[in-house]
1. Kindly give Rg over Rh for the protein assembly as shown, based on alpha-carbon atoms, with the Kirkwood expression for the hydrodynamic radius.
2. Against the longest principal axis of chain B, how steep is helix B:5-24, in degrees 0 to 90 to the nearest 10, with axes from Cα atoms?
3. Taking only the alpha-carbon atoms of segment B:162-233, what semi-axes of the equivalent ellipsoid follow from 5 times the gyration tensor eigenvalues under a square root, in whole Å, largest first?
4. Residue by residue through segment B:195-211, what is 3J(HN,Hα) from phi via Karplus (6.51 cos²θ - 1.76 cosθ + 1.60, θ = phi - 60°)? Round to whole Hz and write x for glycine and proline.
5. Could you state the angle between the C-alpha long axis of helix A:205-244 and the longest principal axis of the C-alpha atoms of chain A, as a value from 0 to 90 degrees rounded to the nearest 10?
6. What is the dipole size for segment B:1-150, taken about its Cα centre, with +1 at each Lys and Arg Cβ and -1 at each Asp and Glu Cβ, in debye to the nearest 20?
7. Could you pull out every residue, at least 5 positions away or on a different chain, whose amide H is within less than 5 Å of the one on A:ARG23? Hs are placed 1.01 Å off N in the peptide plane, and Pro or chain starts have none.
8. Which longest uninterrupted range of chain A lacks any GluC sites (Glu not before Pro) assigned by DSSP to a loop state (not H, G, I, E or B) and surrounded by at most 16 other Cβ atoms within 10 Å?
Amino acid sequence: MKELALMDENGKRSDGRGIDELRSIKITVGVVKNADGSAYIEFGKNKIIVAVYGPREVHPKHMALPDRCVLRCRYHMSPFSTDTRKNPAPSRREVEISKVMRESLEPSLILSDYPRAVIDVFVEVLQADGGSRCAGINAASVALADAGINMRDLVSACAAGRLSDNIVLDINDLEDKEGDADMPVAYLPNLEQVTLLQLDGKLTTAQFSECLEKAISGCKSVYEIQKEALMKKYFGNEMELKEEA
Amino acid sequence: MSSSKRSTVIVEQLRKQQMLEALSRGKRLDGRDFESYRNFEIEIGIIDKASGSAKVKLGNTEVIAGVKVETGEPFEGLENKGALIMSAEVLPTASPHVEPGPPDEDAIELSRVVDRGIRESEMLDLGKLVLIPGKIVYTVFVDCSIINSDGNLLDATSYAVVAALLTSKFPIYEIKDEQVVDTGKTMPPPITTMPVSITAVRIGESVLLDPTTEEEACMDARITMTTQSDGNIVAVQKGFTGPFSVNQIVQFSEIARIKGEEMRSKIKELN
């Protein structure tokens, strides 16, 4: 019965997408005036704002590291972001996501360039729709670039999952709840390294490889949109000029 | 908070001198006159998952309010009224000085003053939001997130809350076999009036409406007055350490009424 609801006989999913189709993604750079770097992402129905502050002095001071910068990350959902109101106090889920998010971003940054300092990444989910951690990572990486933090690569994230026998790209809210597996992946597209990998659900080893490959192909598509968003802010007029010429 | 506290203090003092000098010539540092508000924008219905939502930009201050409607027990002593619960969080995105954590006293004052305007004006007719008197009532949550902070959070939040409530669609709940059922239908909320706050700060002898962060850093005292549609005052909060003269307060109450009417018609235009 499940697969009937999640996938029709023509291979269309509950929201009308095909197996390999991403939800619509829109990224805007530089949306929070006071922040050193910021980005807003709409990823399907996810709406997320990310602000970056730093590098700046560490408080409390004992957290400072002599040879590199501390990276802090807070993932937080607004009370109105979910179907039933979410208590504004941080949940265990938010604490875990903050941690894996930080760990997925850290390999992209050259933190040794800013010893004794801290970079704070604040991820605020205004509306959640499944895959908010991936959407948050995508916006966070763009916001870090906007803040001018030295980096090796952008981080692009996307999930893949299983709906009965089908491995599909970019799991939405319903598919996350009703589907058989959900695997969020974050990836450094130029260095070809995986920086986030989680899995909820059952996969055979063959399905696992297929799922990983599919998620990475999704990351690569997201990467193009991230680059475009940054280009638009920093080379916006030049791009228009080129088009005119 | 800042990396080098001493130099910040010196800069602040220099900036304050500059500001006082400008004020003595009847000017503000951003070129506004004393009674002008900054550029004001509202976007409504930005969160599909909320029953109502609004994003307000007041200059560089940016606030999102979201309304969620559930059912629950009434408050003690208010058995025949729906419950209204407001919260405001200054997100750490809002400025370099906010630290993540539970709301501090400023954030609590913020949500309580905005709450007071809504509650005392009886903007929402809570008597109409009862399912079983004394047992089950509508619970209306209004949560505010401050995304970027550049002064006058009070007014920006007040406008966001009013706009979000005004344009919201409440789910219709029914009682069947003593169980609450969501009918899947919606109704406009029982709105009776529109409370609108006006905030001013006093710097020396000058009283300025809609202060920026910079002006708040130099203020001696702050006052917020909320008026409802008929012009009556429903809530007041005097803030910060300095005093106001009686004369200043009386003058301000007149300004709050006129300016409040102006802001109210701007918010009404949305519908």
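Here, each number is a calculation from the coordinates, and none is a lab measurement. Nothing here was measured: the structure is a model prediction, and the numbers come from that model. When we count neighbours, we look across all protein chains shown, and the Cβ atoms used for this are built from the backbone with ideal geometry, even at glycine.
1. 1.00
2. 90 degrees
3. Semi-axes (√(5λ), whole Å): 42, 14, 10.
4. Rounded to whole hertz, the list is x, 9, 9, 10, 10, 9, 10, 9, 10, x, 9, 8, 10, 10, 7, 6, x.
5. Compared with the principal axis, the helix lies near 50 degrees.
6. For segment B:1-150, the charge dipole is close to 520 debye.
7. none
8. The reported range is A:22-191.
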